[in-house]
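Trainee: Can you read through this structure? Questions will come right after.
The values are calculated or read from the model by the stated rules, or taken from the named source; none is laboratory data. On a predicted model such as this, the values are computed, not experimentally measured, just so you know. Using ideal geometry, Cβ is built from the backbone for each residue, glycine included, and neighbour counts are taken over all protein chains shown.
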Amino acid sequence: MFLARALSLTALVIFSCAHLIRSDELNNYDGSHFDFVVLGGGTAGLVVASRLSEDPSITVAVIEAGTFEKNNPNVTNTTINGLGKNTRVDWQYRTAPQIYAANETIIYSAGKGVGGSSLINGMTYMRPASSQMNLWPSLGLEINWDILFNYSKKGENFSPPGPKLTPLGADYVPSDHGYSGPLTTCISPHITSTDIHNTFNTTFKTLGIGPRYEFNGGDLLGFGIQMCTQNERLDIREDAAQAYYYPFMDRKNLVMIVNATATRIEWADDSQGSEVVASAARIVDQQGKTSTLFADREIILSMGAMRSPGILEYSGVGNPSILSQHGIDVKVNLSAVGENLQDQTTMAITGLVVGENTTGFLPFVSHASLQDLFGANTTAVYEAARAKLPEYAATIAAQNGGSSSAIIQEQLLRTQLELLFASNTPTSEIVPAAISNFIGAVFWPLQPFSRGSVHINGTDETAQPYIDPRFFQIDFDGQVSVATAKWARNFLITEPVASLVNQSTISPSFEAIPEDASDDLWLDWVKTKSNFQPNYHHLGTCAMLPRASGGVVDNDFRVYGTRNVRVVDLSVLPLQVAGHSMAMLYGVAEWASEKIKASL
């Protein structure tokens, strides 16, 4: 241990004058030691690295495949979303053909660079429903609403809306926010400066959805204005690097290695008992040179739901049948690695505006319950879905490589369904939008029942993984999508919104899908490739659950069967959440950091 600490401090001295390591320099540091090696410089990885390096006696290295995007206008812009997609800050993954939908591959975005997906997402900061979080302990998790709420507030630095924004609908509950954390949040100062808020609000009321003035206190049902991760003073995106790295990058014990991809974990020869001990991480730079960085305490995976499973599999942790296909020796038999992939599917009903175009940032959001969507048929829909849970569970269990049984899957699905039927957990998010000459509603069901997987895709450890979300495999997902699409189109023909819409331009039109159209016709529209896309809230592939329930990590984020490997990213969340995954992840990463520090 003395030698390891000495080597760690030596690495500290070496890197004290070179925090930003060019990729062509990486091989020069082959064999360096750190206390913690964090694989992935995205949202969660930067939170953990920042919090651990608050102790100057602890050395931390972060490995990131992308680079610094501090001055990239496609990232910093606060008035237009989506500029970073399909650029260098986007991994641009591709899925397997989606046989339950369009039977075509789909481009899957995820952030690449120091800051991860916080570089390219919609900047929405919205915590999940408290009812959902408070049921997770019944699944064997420690986390609940109070833990998430308190740790996410710890990281938040909220800027209340000024007098110019309150007449436009901006409001908040002071006690639902933090004011001294690294992450700056606000209500965008660029919100639409017309009467559109009142028009939307009145229409939602007509359709039975009332106003909500705060979306971060655990209750989400209603219509209102959302918070975002934006530095209002500088008018730039507040990505994870702006909050958790750039202000602390001069710490002598914090090293950021960019343009370098972590490929696998190496194991110590003196592993004891049934737990293997990680000793180092293998890394490859853009020229193909490999290096080894030693972790004297822990390796922390923070590469996201698409890549963290692959690091484990290339390291011999996973399903033996998958590892054997690629000639990988099994270190830990953990069949759940890469299973349980979940994401929402996003759709939109659109039309053209009558009269004056609308400008400004899109700040509006609403959440609809199962009762809002199905009305008098809600109980019948619930009972029919409940009767099919054994069938759904059997389908999932048959394809998950033995990671969990149909009984376990039925329990998880029942948890989701009961939340939708009997609590304040929303069923769908519906975002009314008016920008330029377009008006419409973007929407996504929040609790998909379908389960996919992510696994390695050959012997090339830098290759993109094989991603199969299996969108719409479970028919309940299509049923909820259809109901939400109907509701969204009805929104566009309900006054006073209807007066803003050129009714002949609504898509899908009433000629293509009549008002009394069958659900099957609507479902064909929903599943057409051009009409849906992933919501990019992918999670679940290294789930925090009991091992027998399909878990990969325990309540301390430690990978089962290992002594010093943890996963801290969206892959550990076992189920989809209402709200937005970024706000959830910041809170989870703060909690994980506290757990790691407490174990030292």
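Trainee: Just to be sure before I move on: is L254 under 28 Å from D146 (Cβ atoms), aliphatic (A, V, I, L, M) and at pLDDT 95 or above in the structure I sent?
Mentor: no
Trainee: Taking the condition out of contact with any Gly (no Cβ under 7 Å at 6 or more places or on another chain) and not aromatic (F, W, Y), does P161 pass?
Mentor: Spelling it out, P161 is indeed out of contact with any Gly (no Cβ under 7 Å at 6 or more places or on another chain) and not aromatic (F, W, Y).
Trainee: Which residues, counting only those in the range 172-188, are crowded, with 18+ Cβ neighbours inside 10 Å and either touching a Ser or Thr at 6+ places or on another chain (Cβ under 8 Å) or part of a loop (DSSP other than H, G, I, E, B) (or both)?
Mentor: Within the range 172-188, Y172, H177, G178, G181, P182, L183, T184, T185, C186, I187, S188 meet the criteria.
Trainee: Continuing with this model, one more query. Take L52 and tell me if it is within 21 Å of D250 (Cβ to Cβ) and either crowded, with 17+ Cβ neighbours inside 10 Å or touching a helix residue (DSSP H, G or I) at 6+ places or on another chain (Cβ under 9 Å) (or both).
Mentor: So L52 passes the test.
Trainee: Which residues, counting only those in the range 158-176, are in contact with a helix residue (DSSP H, G or I) (Cβ under 8 Å, 6 or more places away or on another chain) and within 18 Å of D235 (Cα to Cα)?
Mentor: P160
Trainee: In the set I58, I106, I99, which member is under 29 Å from K527 (Cβ atoms) and crowded, with 17+ Cβ neighbours inside 10 Å?
Mentor: On inspection, the qualifying residue turns out to be I106.
Trainee: Something else now. Please tell me if L341 is out of contact with any Pro (no Cβ under 9 Å at 6 or more places or on another chain) and either in a strand (DSSP E or B) or not hydroxyl-bearing (S, T, Y) (or both).
Mentor: Criteria not met by L341.
Trainee: Also: Could you list all residues from the range 578-600 that are among the hydrophobic types (A, V, I, L, M, F, W, C), outside any helix (DSSP H, G or I) and surrounded by 24 or more Cβ atoms within 10 Å (Cβ to Cβ)?
Mentor: Scanning the range 578-600 gives a single hit, A578.
Trainee: Within the range 71-91, count every residue that is part of a loop (DSSP other than H, G, I, E, B), surrounded by 15 or more Cβ atoms within 10 Å (Cβ to Cβ) and under 17 Å from the mean Cα position of the chain (by Cα).
Mentor: Counting residues in the range 71-91 that are part of a loop (DSSP other than H, G, I, E, B), surrounded by 15 or more Cβ atoms within 10 Å (Cβ to Cβ) and under 17 Å from the mean Cα position of the chain (by Cα) gives 5.
Trainee: Only one of these is at pLDDT 95 or above, under 20 Å from the mean Cα position of the chain (by Cα) and crowded, with 16+ Cβ neighbours inside 10 Å: G561, G551. Name it.
Mentor: Going through G561, G551 in turn, just one is at pLDDT 95 or above, under 20 Å from the mean Cα position of the chain (by Cα) and crowded, with 16+ Cβ neighbours inside 10 Å: G551.
Trainee: Give the residue, chosen from E495, E511, E515, that is charged (D, E, K, R), touching a residue at least 60 places away in the same chain (Cβ under 8 Å) and more than 13 Å from A441 (Cβ to Cβ).
Mentor: Going through E495, E511, E515 in turn, the sole match is E495.
Trainee: Follow-up question, since we're still on this one. Just give me the residues in the range 427-485 being of a type in the set (A, V, I, L, M, F, W, C), touching a residue at least 60 places away in the same chain (Cβ under 8 Å), more than 15 Å from H538 (Cβ to Cβ) and touching a helix residue (DSSP H, G or I) at 6+ places or on another chain (Cβ under 8 Å), in sequence order.
Mentor: Within the range 427-485, I430, A434, I439, A441, F443, I456, F472, I474, F476, V480, A483, A485 qualify.
Trainee: Residue by residue through the range 315-338, note down the ones that are within 29 Å of the chain's Cα centre (by Cα), on the phi > 0 side of the Ramachandran plot and part of a loop (DSSP other than H, G, I, E, B).
Mentor: The answer is G316, G338.
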